[in-house]
Amino acid sequence: MGVAQRGFSLPNTFPSIAACANEPFTFSCENTTAIQNTCCSPTPGGLVLQTQFWDTYTGFEQKGQLLPKGSWTIHGLWPDNCDGSFEQYCDLSRQYDPAPSPAILPNGTTVPVYTGPGVDTFILEYGRVDLLDYMEKYWVSQGQANNAFWAHEFSKHATCTSTFDVACYGPGYQKHQDVVDFFNAVVRAFKQFPTFDILASAGIVPSNTTTYALSDIQNVLKAQTGGIPYLGCGHNGTVLQEVWYFNHVSGTEQFGRFKALDSTTKSSCSSTAGIFYYERTAKSEREVRVLP
């Protein structure tokens, strides 16, 4: 499939969920009977985490890989099981990660190293230049090329999410349709949790001198999202680095409604010491918002 040309419509990448209209309405992990059509609700990985990073540099600045000014960056969309456990690399036929981590699964299976074209080429196969542009701006890796990071997130997590199973796309499935669909879903979920704007609206902004109490950060985020997310800190729990938003989902990850929950994982940030939310290195970020 070539890149769509001007005057031609872009192909769709969404699954076939017409049968889902007859499924009982319920949030994932809250169903009292087994999900009959796993294309209709993420199962068993129904505890869905939208995860983000706060990095201050990328290590790939000379290659133009910069962080988005005024925004956190995407980490991923993870399908934890309802009890907080998780699976990974569930379908090795859809393994596109050039550096699998872990390289060997708990059951002893070796995850093969992928050596083919980058997943960015899959996006272009469907003509989705708009999606690729957004990902380059907001889904930015530290220490590796962006497309390798995206491949890792799809291979490790999306292959364990039932609503992205190839079978959900029906007999008309086209190769890599599920990959593009997952990236769309990740972007959609990320937009629901504008961490930078929420914190900044409460006066919590990056600073190399001011510190913040963990409880203040948690309370502000819960007031706007409905749940206390996991906050991850480095340097003995004093430097803010990541956030995970926990959710149940009614419907599919692609289109469904997220219901925020309090984190099931204890924060690695100090509850007593001040938390640094460091400014980024000036040459490591760029303006990505639309200017008049």
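The values are calculated or read from the model by the stated rules, or taken from the named source; none is laboratory data. Predicted model, so just to flag it, every value in this text is computed and none were measured. Cβ atoms come from the backbone with ideal geometry, glycine included; neighbour counts cover every protein chain shown.
Summed over the range 180-235, residues that are charged (D, E, K, R), without any contact (Cβ under 8 Å) to a residue 40 or more places away in the chain and closer than 29 Å to F14 by Cα total 1. Just one of the listed residues (A200, A223) is under 12 Å from Y277 (Cβ atoms), assigned to a helix (DSSP H, G or I) and among the small types (G, A, S), namely A200. Selection of the range 246-292 for residues being β-branched (V, I, T) and either exposed (fewer than 14 other Cβ atoms within 10 Å of the Cβ) or assigned to a loop (DSSP other than H, G, I, E, B) (or both) yields T252, T264, T265, T272, T281, V288, V290.
Of the residues that make up the range 107-115, is at least one among the β-branched types (V, I, T), modelled with pLDDT of 95 or more and either crowded, with 19+ Cβ neighbours inside 10 Å or closer than 14 Å to T161 by Cα (or both)? The answer is yes, given that some residue of the range 107-115 is among the β-branched types (V, I, T), modelled with pLDDT of 95 or more and either crowded, with 19+ Cβ neighbours inside 10 Å or closer than 14 Å to T161 by Cα (or both).
Which of the residues spanning the range 49-93 are over 30 Å from A34 (Cα atoms), part of a loop (DSSP other than H, G, I, E, B) and of a type in the set (S, T, Y)? Within the range 49-93, T56, Y57, T58, S71 qualify.
Quick one: how many residues across the range 116-142 are farther than 19 Å from P11 by Cα, crowded, with 18+ Cβ neighbours inside 10 Å and among the small types (G, A, S)? The total comes to 1. If only residues of the range 45-103 that are in contact with a Lys or Arg (Cβ under 8 Å, 6 or more places away or on another chain) and of a type in the set (A, V, I, L, M) are counted, the one that is nearest to E242 (Cα to Cα) is L67.
Please go through the range 32-48 and give me each residue that is crowded, with 18+ Cβ neighbours inside 10 Å and either at pLDDT below 95 or assigned to a loop (DSSP other than H, G, I, E, B) (or both), ordered by number. I35, C39, C40, S41, P42, T43, P44, G45, G46, listed by residue number. Please go through the range 49-87 and give me each residue that is in contact with a His (Cβ under 7 Å, 6 or more places away or on another chain) and closer than 18 Å to A185 by Cβ, ordered by number. Correct list: T51, Q52, G76, L77, W78, P79. Among residues belonging to the range 148-162 that are polar (S, T, N, Q) and touching a Pro at 6+ places or on another chain (Cβ under 9 Å), point out the one that is surrounded by the fewest Cβ atoms within 10 Å (Cβ to Cβ). The selected residue is S162. For F149, indicate whether it is over 18 Å from G251 (Cα atoms), among the hydrophobic types (A, V, I, L, M, F, W, C) and without any contact (Cβ under 8 Å) to a residue 24 or more places away in the chain. When the stated conditions are applied, F149 passes them. Among D181, D216, D197, D165, which is at pLDDT 95 or above and surrounded by 22 or more Cβ atoms within 10 Å (Cβ to Cβ)? From the options D181, D216, D197, D165, the qualifying one is D181.
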